[in-house]
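Everything on this sheet refers to the single structure shown next.
The values are calculated or read from the model by the stated rules, or taken from the named source; none is laboratory data. For clarity, every value in this text was computed on a predicted model and none was experimentally measured. Every residue, glycine as well, gets a Cβ built from its backbone with ideal geometry; the counts of neighbours run over all protein chains shown. Keep in mind that these areas ignore ligands, DNA and RNA; they rest on the heavy atoms of the full protein, side chains included. Shrake-Rupley method; radii C 1.70, N 1.55, O 1.52, S 1.80 Å.
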Amino acid sequence: MKITLAIFITLLFTNLGFSQDMIITSKQLNQQEVDSIFTDSLKQKLQIEYAIYRIYEYKDKLGKHYLVMTKNQFECDEMEACFDTIKAYAYTFEKGSFKSEWQLKDFISSKGNAVSEEYSISFWTKYFALKDCNGDGIVDPIMVYGTYGMNDTGDGRIKILVYFNGTKSAIRHQNGTLDFERNTQVDEKYYELPIGIQNRVHDIMESITENDHGIFPYKWQAAMKNKELKFDEN
């Protein structure tokens, strides 16, 4: 009877998706862990060229993964610390080896963007979390970062990148202090993502607005519901 009951409970939890959720873990590595795992020789082997900002380790049903965020600092007068380039690396770790899953790289424009000159770029880890958004037992990384202009984030750019099943989908937003300066572009394949992932992205966009880090065009929620690829204040 005990064995039958245990089997029943296991099947019940599996059908409800609990077994998938239970295998997902994530953490940010402390400095000691970073130094012991990502040694100088390993960074050279993996061609990690910029200073490490943060490293996250996570496990899902596909195995163990590492997400490495790096950035390049340079001297500037506009901010206390400026970064002209960011780069992130995602790896699967199996049998003692690191296998590249994907990379991202972006940088400020020396000529500025459409609104103002850009002074710095950084990962917005306030909006970052390693979660399984659609219940398949696999973490869906959503990367958020932005640039800073004359009015801080008020006239910088914002990018939201979703990595799902080996493909990248992007939302690109140009901030602006004036209505006509703001516009948002959405990759067509973004609308093919599972609804759970899209809901997570919408929550991030709402939080960006609430925290005054960006202003998306009026009625952007309706525009995305209608699967529009570009929308602005006009």
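Brief remarks on what is shown
- Placing +1 on the Cβ of every Lys and Arg and -1 on the Cβ of every Asp and Glu, with no other charges, gives segment 96-223 a dipole of roughly 300 debye about its Cα centre.
- Segment F74-R172, extension gain: residue separation times 0.36 nm, minus the distance between their alpha carbons: 32.8 nm
- Carbon plus sulfur fraction of accessible area for segment 52-190, probe 1.4 Å, in percent: 43
- Dividing the mean sequence gap of close Cα pairs (under 8 Å, 6+ apart) by how many residues segment 126-201 holds gives a relative contact order of 23 percent.
- Dipole magnitude (debye, nearest 20) for segment 189-234, charges at Cβ of Lys, Arg, Asp, Glu: 280
- The simple spin-label model puts a point 7 Å past each Cα toward its Cβ; for N211 and I48 those points are separated by 2.4 nm.
- Calculated SAXS-style log₁₀ I(q)/I(0) at q = 0.08, 0.11 Å⁻¹ - the chain, Debye, Cα scatterers: -0.36, -0.65
- Selection from H65, M143, H213 lying farthest towards where the dipole of the chain points positive, charges on Cβ: H65
- Ellipticity at 222 nm from helices only: DSSP H runs of n ≥ 4 in the chain, each -39500 (n - 2.57), divided by the residue count, give -6500 deg cm²/dmol.
- Extending 7 Å from Cα along the Cβ direction at I195 and again at T39 yields two label points whose distance is 5.0 nm.
- FRET efficiency for the E117 to K219 pair, using the beta carbon distance and R₀ = 30 Å, is estimated at 0.50.
- Taking 0.36 nm per residue of separation and subtracting the Cα-Cα distance, full extension of the segment from M150 to D136 would add 0.8 nm.
- Cα-based helix-to-principal-axis angle, 2-16 vs the chain, degrees rounded to 10: 20
- Surface per residue (accessible, 1.4 Å probe) for the chain, Å²: 57
- Highest average packing first - 120-131, 93-104, Cβ atoms within 10 Å: 120-131, 93-104
- When only Cα pairs below 8 angstrom with a gap of at least 6 residues are kept, segment 168-207 shows a relative contact order of 30 percent.
- Taking the C-alpha atoms only, the angle from helix 195-210 to the longest principal axis of the chain is near 40 degrees.
- Using a simple spin-label model with pseudo-atoms 7 Å out from Cα toward Cβ, K227 and N30 lie 4.9 nm apart.
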